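I have placed the structure first, in the form of structure tokens, so that the comments after it can refer back to it.
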Amino acid sequence: MKSLLPKLAKWFVPVIGGFILIVAIMFFIREGSGFENWRKSGNIKGNIHFVSTNDGLIIDSLAVFSEIDTTDFVSKPFPTVNDTIIQFDDLPATRINWYKEVRGQYQSDSMVTLLMVNNQDTLITEMRLQPVENSEILQTMSLGILRFLIVALFWAVGFWAYIKQPDSGAVRALSLFSFSMAILLMMWVQLGLRHFADFQIPFETTIFNILGMFAILLGGFWLNLQLLFPKPRKLITQHPIIAYLLCYGAPVIGMAVVLIIATQAAMYVLVSIAAVQIWVGFFILGGYHSRAPNLLEKRQTRLVLWGSGIGLFLWWALLVLVILAGSWLGSLKEYQVVAILIVVFLGLLLSPLSFAYAFGKYRLLEVEGKIRRGTRYAAVTAVLLLVFYMIIYGASEIVLKSLGVKQDAPVLFMALILAIGFAPTQRKLQSVLEKRFYPERSRLRTLLRNFLSQSLIVSEKQAFWTELEQRLKEVLRVDLVYPVLRSENAKSLTGWKGEETPFKSDSVFLKGIENTKRGHIMVDEALASEKISFNDEEKKWLIDNQIALILPMFTRSRLVGFLAIGYKTEKKDFEPIDLDILHSLANQIAIAGENINLMEENLDKRRLEHELGMARRVQEGLLPQTIPDTPGLEVAASSKFCLEVAGDYYDVMNLDEKRTVLAVGDVSGKGAGAAILMSNLQASFRTAVSIGARMSEVSDNITTLTGRKAEKGDAQTGIQLSDIIARINNLIHRNSPPDQFITFFAGVYDTGNSTFCYVNAGHNPPFLVRKDGTIKELTKGGLLLGAMPGMPYEQEVIELHEGDLVFLYTDGVSEAENSDGDMYGEESIKEHLKSNFDRPLTEILKELELKVREFIGEVPLGDDFTILSARVKSAEEPD
């Protein structure tokens, strides 16, 4: 018997899964045809209801008005609620005729003659059909797509898990739970499109009765899953009969009661049983999480608690509302009901995703972090919207009415003020919550700022790596921080002091990291999931040194080493936000480390050329190797160095699918010193912009909520460029010689509102060339970087139009001299841009370079030569 049950279960899962897949395919094909026919059908603002008998069979000969809207009728007599309809035109008033012959045959301004009974009087009236409104179509389509995605995800997770581990009891329970959720969503969430469909599912009533009985076991499958995940509990291993009775006995008894009594109260009992089982399952899962023997299992259970907890809580909260407050839900407007369902559906999407990753034992913290950030953002937004709504409602309903003010202008003005303050309030609230509940996050950010500041002046390798280890140990509260770097021969990786490690440059592990560009690797997840291949020596080294986290370090898209970080001293786990900040820090460490190596090796004159070559490669790696995809912009750039390494810098960086950063800078002087300062400028600027963008991820809500253009202070981009440049100025001033400074220009283009926000820190004014030939110099900003501390910087937001061209350059272009000492000049650049305006950007830049070289003749370039140009694409041009 014991061997028979697992065999039956192993056979049952793919059979029921395949059967559900076939039914789901027919169901959604029918739903699609129903939606298409409904979209083209006629509609009324009122509602006609077809009465059902006690056994649920539809009586097609009895149609009554449940809602009346007089605008549906051409003229009197108007019906009243509960009036019975006898005929539609000359057709009997049946459900099929209403959907197929009346609404289905709709044409513009269709009229339908109704024969109806009103208080025992037979009346005739004409009803006008209207097209289905676009808002209704959009709402129904959104619900249909979301429901399809959730059903497909639940089914896919269930089947994928079974294929991976068919012999696992926990996986079989997960598969059955996922299948039952898919059925539940198909059966319980109806869009009212069935009667418009071109076909009906054969034996539909019988099929869905069978599947409905299976879906009722949802709570039992969930409870069974929690008794097995991530490891079997004592109850199910020592007393399996009792455990399975708790899982499936109560629902089976409940189904028997429903079949015998067949009342709505009996159905409520059945739903309550499933709800109790689900909450008991959460209690069991939470208890195991609190005493999990290792961090990996804690991560697995925590991910499921977050992912499934949010979705199932919203789902059962909706069911409770339907049962206890159905009349209130019925009183809501259609778009409000749709909004509630969309929120519930989005929450349910998290459940199958969290289980897929939890059973896969890989990227758990990453997924958990996304769920937690999304939940926190949604919660803060919902609370603020509720508070703002209550303020506006109170003002309109209480204050204004008590004062006798009848105009809407004060309320609209207050709503505008609140909308303007929404995003800043949201950022402030999230910042307060972050400091209150995640203090380590603030400490990590402080470490990042301090470390970047000191990395500009630290020139000794030992001091650099020792300080890094001490700071990371302190702020992360870990036992070990061990930098592993490529050796001089680049064939192996060693500790920063030169001690050997088992990691070779050609190992599968390192090649996998370099190809995937993963930001972090949790060692226990990598070992358990086998997603990453370690050889035996690497695996032994990681285990012996108790390494918990690996942070790869990249420069120029090349892996230069990694930080091996040990477990936390308090046996706590890392937080998802820790990994995001550490990933950013790792890349800055790589750049600073390479710079320090370069400066140390400059002491030996024989090796100077070699080290300058390294610096040149590092520097070229810092500049964009290829221009990234820039939404709404055509971008081209070129840079020529007059020495082996240079002080010129340009950058093109995407913040997201709408915003692109353009930057150009020129460090005073030339050679290695200028290049090192330039590389630190690049690292500081990229980090500051990235952190600013993450901290301002909700800034676009200003435009979304108010429909207005953002103020200049909003920068239209979600980041405050003037503040970023001011902080970099202070950093450069503190950590560079008095005679060394930087001219710098940075701008952010937002394709969403076609604006360009920029700051010019003492740089040659870039040119904005309009289609009509006018040229504007972009001069707003402030003093060059590093000259004086505490200097304010002003930013300007300008609107760009289709075809507008922005041209950035360094003084090596305008000040290029010929043998007579004459400079090429800015006016020559302007004339070139106007005369070649319609040519492709690459040709404009190439032709300009040729003209400059023709102008100077045999004289070599006296300074670095950097040009960067961007043109606003037309709407038809692909990004």
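Among the conditions (1) open to solvent by 70 Å² or more (accessible area, probe 1.4 Å); (2) within 51 Å of the chain's Cα centre (by Cα), Pro92 misses just one, which is (2).
Of the set (1) open to solvent by 50 Å² or more (accessible area, probe 1.4 Å); (2) at pLDDT 75 or above, all apply to Gly287 but (1). Restricting attention to the stretch 163-190, the residues that are open to solvent by less than 40 Å² (accessible area, probe 1.4 Å) and either touching a Gly at 6+ places or on another chain (Cβ under 7 Å) or within 28 Å of Leu341 (Cα to Cα) (or both) total 15. Quick one: in the stretch 537-559, of everything that is in a strand (DSSP E or B) and open to solvent by less than 10 Å² (accessible area, probe 1.4 Å), which residue is modelled with the lowest pLDDT? Selected residue: Leu559. Filtered by the rule that a residue be assigned to a helix (DSSP H, G or I), within 30 Å of Lys100 (Cα to Cα) and aliphatic (A, V, I, L, M), the stretch 7-52 gives Ile20, Leu21, Ile22, Val23, Ala24, Ile25, Met26, Ile29.
Rundown of residues vs (1) under 15 Å from Arg558 (Cα atoms); (2) open to solvent by less than 80 Å² (accessible area, probe 1.4 Å); (3) touching a residue at least 12 places away in the same chain (Cβ under 8 Å); (4) outside any helix (DSSP H, G or I), yes/no style:
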{"residue": "Phe464", "(1), (2), (3), (4)": "no, yes, yes, no"}
{"residue": "Lys473", "(1), (2), (3), (4)": "no, yes, no, no"}
{"residue": "Leu485", "(1), (2), (3), (4)": "yes, yes, yes, yes"}
{"residue": "Leu510", "(1), (2), (3), (4)": "yes, yes, yes, no"}
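In the set (1) without any contact (Cβ under 8 Å) to a residue 40 or more places away in the chain; (2) out of contact with any Leu (no Cβ under 6 Å at 6 or more places or on another chain); (3) on the phi < 0 side of the Ramachandran plot, the condition left unmet by Asn97 is number (2).
Only one of the numbered conditions (1) within 35 Å of the chain's Cα centre (by Cα); (2) open to solvent by less than 10 Å² (accessible area, probe 1.4 Å) is not met by Ala197, and that is (1). Of the residues making up the stretch 101-145, those that are under 16 Å from Ile48 (Cα atoms), in contact (Cβ under 8 Å) with a residue 60 or more places away in the chain and assigned to a helix (DSSP H, G or I) are Val102, Arg103. Against the numbered list (1) in contact (Cβ under 8 Å) with a residue 40 or more places away in the chain; (2) part of a helix (DSSP H, G or I), Phe229 comes up short only at (2).
Conditions tested, residue by residue: (1) more than 27 Å from Glu31 (Cβ to Cβ); (2) open to solvent by 40 Å² or more (accessible area, probe 1.4 Å); (3) more than 39 Å from the chain's Cα centre (by Cα).
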{"residue": "Met213", "(1), (2), (3)": "no, yes, no"}
{"residue": "Ile216", "(1), (2), (3)": "no, no, no"}
{"residue": "Phe221", "(1), (2), (3)": "no, no, no"}
{"residue": "Arg233", "(1), (2), (3)": "yes, no, no"}
{"residue": "Ile242", "(1), (2), (3)": "yes, yes, yes"}
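In the stretch 569-607, of all residues being in contact with a Leu (Cβ under 7 Å, 6 or more places away or on another chain) and of a type in the set (D, E, K, R), the one that is modelled with the lowest pLDDT corresponds to Asp578.
Report whether or not Lys771 is open to solvent by 10 Å² or more (accessible area, probe 1.4 Å) and without any contact (Cβ under 8 Å) to a residue 24 or more places away in the chain.
Numbers: open to solvent by 10 Å² or more (accessible area, probe 1.4 Å): yes; without any contact (Cβ under 8 Å) to a residue 24 or more places away in the chain: no.
Taking the combined requirement at face value, the residue does not satisfy it.
Of the residues Gly786, Gly752, Gly781, Gly762, the single one that is over 36 Å from the mean Cα position of the chain (by Cα) and open to solvent by 10 Å² or more (accessible area, probe 1.4 Å) is Gly762.
Met186 falls short on exactly one of the conditions (1) assigned to a helix (DSSP H, G or I); (2) under 30 Å from Val74 (Cα atoms); (3) not hydroxyl-bearing (Ser, Thr, Tyr), and that condition is (2).
In summary, Lys776 fulfils each of the numbered conditions (1) surrounded by 17 or more Cβ atoms within 10 Å (Cβ to Cβ); (2) in contact with a Leu (Cβ under 6 Å, 6 or more places away or on another chain) with the single exception of condition (1).
Of the residues making up the stretch 561-579, those that are open to solvent by 10 Å² or more (accessible area, probe 1.4 Å) and either in contact with a Gly (Cβ under 7 Å, 6 or more places away or on another chain) or within 20 Å of Gly512 (Cα to Cα) (or both) number 2. Would you please name the residue that is farthest from Ala356 (Cα to Cα), looking only at residues in the stretch 123-162 that are crowded, with 18+ Cβ neighbours inside 10 Å and at pLDDT below 85? The residue in question is Gln139.
Answer yes or no: is there a residue in the stretch 63-71 that is in a helix (DSSP H, G or I), out of contact with any Cys (no Cβ under 6 Å at 6 or more places or on another chain), open to solvent by less than 40 Å² (accessible area, probe 1.4 Å) and at pLDDT 85 or above. It would help to see each step written out before you state the result.
So the first thing to find is which residues in the stretch 63-71 are in a helix (DSSP H, G or I), and the list is 70-71.
Subset that is out of contact with any Cys (no Cβ under 6 Å at 6 or more places or on another chain): 70-71.
Filter again for open to solvent by less than 40 Å² (accessible area, probe 1.4 Å), leaving none.
No, the stretch 63-71 contains no residue that is in a helix (DSSP H, G or I), out of contact with any Cys (no Cβ under 6 Å at 6 or more places or on another chain), open to solvent by less than 40 Å² (accessible area, probe 1.4 Å) and at pLDDT 85 or above.
Note on the stretch 810-861: residues that are among the β-branched types (Val, Ile, Thr), more than 23 Å from Asp651 (Cα to Cα) and either out of contact with any Ser or Thr (no Cβ under 6 Å at 6 or more places or on another chain) or open to solvent by 80 Å² or more (accessible area, probe 1.4 Å) (or both) amount to 1. For Phe807, the conditions (1) surrounded by fewer than 22 Cβ atoms within 10 Å (Cβ to Cβ); (2) over 17 Å from Ile742 (Cβ atoms); (3) touching a helix residue (DSSP H, G or I) at 6+ places or on another chain (Cβ under 8 Å); (4) not aliphatic (A, V, I, L, M) all hold with the exception of (1).
Let's see how each residue does on (1) open to solvent by 70 Å² or more (accessible area, probe 1.4 Å); (2) modelled with pLDDT under 70:
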position: Arg363; (1), (2): yes, no
position: Ile371; (1), (2): no, no
position: Tyr389; (1), (2): yes, yes
position: Gly394; (1), (2): no, yes
position: Ser402; (1), (2): yes, yes
position: Phe422; (1), (2): no, yes
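Residues in the stretch 285-300 that are over 14 Å from Leu223 (Cα atoms) and either in contact (Cβ under 8 Å) with a residue 24 or more places away in the chain or part of a loop (DSSP other than H, G, I, E, B) (or both): Arg291, Ala292, Pro293, Asn294, Leu295, Leu296, Glu297, Lys298, Arg299, Gln300. Counting only strands (runs of 3 or more DSSP E) that sit wholly inside the stretch 740-853, those with at least 1 residues that are at pLDDT 90 or above, under 27 Å from Ser668 (Cα atoms) and among the aliphatic types (A, V, I, L, M) are 742-750, 755-761, 767-769, 805-809.
The values are calculated or read from the model by the stated rules, or taken from the named source; none is laboratory data. Keep in mind it's a predicted model, so treat the numbers as computed, not measured. When we count neighbours, we look across all protein chains shown, and the Cβ atoms used for this are built from the backbone with ideal geometry, even at glycine. Calculation scope for accessible area: heavy atoms of the full protein, side chains included, ligands and nucleic acids excluded. Shrake-Rupley method; radii C 1.70, N 1.55, O 1.52, S 1.80 Å.
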